[in-house]
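Okay, structure first, notes after.
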Amino acid sequence: MKFDERAVGRLHYLEARPPASARPRGALVLLHAFPLSARMWEPQFGLADRGWRIIAPEFAMDAVRLNATATSVTMDTYAGEVIDLLDALHVEDAVVAGCSMGGYLAFALYRRAPNYIRGLLLADTRAQADAPEALESRKKMLQLVADKGTPAVVDEMVPKLLGETTRKTRPEVVDRLKSIALSTSADAVAGMIRALMTRQDAMAVLSSIHFPTLIVVGDEDTLTPPAMSEQMHKAIAGSELAVLPKAGHLPNLEDSQNFNEVVARFLDHRI
């Protein structure tokens, strides 16, 4: 699917527009995972053919382009960038999809500006903030990226991001994931880690979400296991839950056909 690389102010983004023959459905904003970039969503850009204007903000950027020091980057920083982008593009509301870190960002956006969201897709994410042991792991990763750069983080993260089936039988997905992650600068990786560490717990806001919500998780996800998605599903009234077989933390890449079918059904019937 053809897409364009664009920028509004400080924020870069990828965009795929629907063909003139398609009935306009509105905007679908895709928020990427750590330590990746907006390119992780390329398999989903084909949803533009169904009438959706795909907008994928790029948070894998260095601190200079973000106009902030690495130590100041938070989920609210990223949420503010999304709001500014939507305003600049004259998008009044959108279906917002977030995978992993992108889900945390979606919660931050909801807290700040719920009127921008008409539907929500939460993929392989959780509402809880980091537990103490998780914070310690992130501190170690901050030191790792400072000492050895992005490749060391990629080596550590890839086995955790992909399910066992993908690691054993989908070498092209493994290679694609590594390619996307290795293109992320060390400054960007550090900034994203700090945003992850300081994010707010979102458990208390789940019951206040009243727009259509789809929760997707791979059944081989060990970072945010299906039980966490089930917990969100129970807390968000009227939400849908889809557990995708033989996929890990990134089902949109690992089994894009199944993922896209689930998302398309949700968009067609609930939005």
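Bear in mind these aren't lab numbers, they're just calculated from the coordinates by the rules spelled out. If you're wondering where the values come from, they're calculated on a predicted model, not measured in any experiment. FYI the Cβ positions are ideal-geometry reconstructions off the backbone, even for glycines, and counts take in every protein chain you see.
With each label point set 7 Å from Cα along the Cα-Cβ vector, what nm distance links E156 and A113?
It is 3.3 nm.
Sort M228, M192 by Cβ crowding within 10 Å, fewest neighbours at the top.
Details: M228 18, M192 25.
Listed from fewest to most nearby Cβ atoms, that is M228, M192.
What nm value, rounded to one decimal, do you get for the distance between S72 and E136 when each label is placed 7 Å out toward the C-beta?
With each label placed 7 Å out from Cα toward Cβ, I get 3.2 nm.
Eight or more residues apart or on different chains, and alpha-carbon atoms under 14 Å: count the Lys pairs in the chain matching that.
Working: K140/K148; K160/K168; K160/K178; K168/K246.
Eligible lysine pairs with Cα atoms under 14 Å apart amount to 4.
If amide H atoms are built 1.01 Å from N in the plane of the peptide, which residues on other chains or at least 5 residues away come under 5 Å of the amide H of L244?
The answer is V217, G218, D219.
Given H placed on each backbone N at 1.01 Å, which residues far from D93 in sequence or on other chains put an amide H within less than 5 Å of it?
none
For L31, list long-range residues whose amide hydrogen, built 1.01 Å from N in the peptide plane, is under 5 Å from its own amide hydrogen.
Answer set, sorted by chain and number: A97, G98, C99.
In whole angstrom, note down how far apart the Cα centers of the stretch 197-271 and the stretch 101-165 are.
15 Å
In the neighborhood of Q143, defined by Cβ-to-Cβ distances under 14 Å, what is the net charge if each Lys or Arg adds +1 and each Asp or Glu adds -1?
Details: positive: R138, K139, K140, K148, R194; negative: E136, D147, E156.
Net charge around Q143: +2.
Just check the stretch 137-265 against the gyration tensor rule for me: Cα atoms, a ≥ b ≥ c as the square roots of the eigenvalues, rounded for a/c under 1.5, and otherwise prolate or oblate depending on whether a/b exceeds b/c.
Details: a/c = 2.36, a/b = 1.31, b/c = 1.80.
It is oblate, given that a/c is not under 1.5 and a/b is not larger than b/c.
What does the C-alpha gyration tensor say about the overall shape of the chain? Classify as rounded when a/c is under 1.5, otherwise prolate if a/b is larger than b/c, or oblate.
Numbers: a/c = 1.27, a/b = 1.18, b/c = 1.08.
Rounded is the answer for the chain, as its axis ratio a/c remains below 1.5.
Could you calculate the contour length gain from A237 to R23, that is, 0.36 nm times the residue separation minus the distance between their Cα atoms, to one decimal place in nm?
Numbers: separation 214, 0.36 × 214 = 77.04 nm, distance 2.92 nm.
Between A237 and R23, full extension yields an extra 74.1 nm.
What does the extension gain come out to for E172 and S185, with contour length at 0.36 nm per residue minus their alpha carbon separation? Write down the numbers at each step before the final one.
Values: separation 13, 0.36 × 13 = 4.68 nm, distance 2.26 nm.
Computed gain between E172 and S185 is 2.4 nm.
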